[in-house]
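Notes to accompany the following structure.
The values are calculated or read from the model by the stated rules, or taken from the named source; none is laboratory data. The structure displayed is predicted, hence computed values, not measured ones. Glycine also receives a Cβ, built like all others from the backbone with ideal geometry; neighbour counts cover every protein chain displayed. Surface accessibility is based on the protein's heavy atoms, side chains included, excluding ligands, DNA and RNA. Shrake-Rupley method; radii C 1.70, N 1.55, O 1.52, S 1.80 Å.
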Amino acid sequence: QVQLVESGGGLVQPGGSLRLSCVASGNIFSINAMGWFRQAPGKQRELVAIVTSGRNTNYADSVKGRFTISRNNAQHTVYLQMNSLKPEDTAVYYCHAVIVAGEGYSAMDYWGKGTLVTVSS
């Protein structure tokens, strides 16, 4: 079994910062891409940022220049540093990873349960 567990969400004022973390645990042979998605009330889940195993990154236009994604391969962890937060960043943030559970296994998608980020004064 593979689990993704997020942490670091909370309430922050506009212009503030938060750092999200996500740790993958369980039967892990290798991890391909890791990323963060978010879902605001009444909206569809959207990609925020993604980082490949080679540390190539991609960001949603709405967060470029404000958010930074990074990963620690040895610790199976992905981070999202969020600066200059805006009220429109309010959402549940979900960790996502593409994981190979064992040699010869196919890569599968895994999701965390989400962590709430609220940006409000």
- Measure off, as a whole percent, the carbon and sulfur share of the 1.4 Å-probe accessible area of the chain, all protein chains present. 47 percent
- Note on the structure: Under 5 Å from the placed amide H of Gly114, counting only residues 5+ away or on other chains, we find Glu6, Cys95
- If you average the sequence gap of Cα pairs under 8 Å that are 6 or more apart and divide by the length of the chain, what percent do you get for the contact order? 36 percent
- If Lys and Arg each add +1 and Asp and Glu each add -1, what is the summed charge of the other residues whose beta carbon sits under 13 Å from the beta carbon of Ser70? +3
- Once the dipole of the chain is set up with Lys and Arg at +1 and Asp and Glu at -1 on Cβ about the Cα centre, which of Gly54, Val23, Leu80 lies farthest towards its positive end? Leu80
- Amide hydrogen neighbours beyond the local backbone of Asn32, cut-off 5 Å, H modeled: Val98, Ile99, Val100
- Query: Mind listing the Cα extents of the chain along all three principal axes, in Å, largest one first?
  - Reply: 49, 25, 23
- Item | Net charge dipole size for the chain [Lys, Arg +1 and Asp, Glu -1 on Cβ; Debye, nearest 20] | 220 debye
- Query: Given H placed on each backbone N at 1.01 Å, which residues far from Leu85 in sequence or on other chains put an amide H within less than 5 Å of it?
  - Reply: Gly15, Gly16
- Message: Just to check I understand the Karplus step: with θ = phi - 60° and J = 6.51 cos²θ - 1.76 cosθ + 1.60, what whole-Hz values come out for the range 63-74, glycine and proline as x?
- Response: 10, 4, x, 10, 10, 9, 9, 8, 9, 10, 5, 5
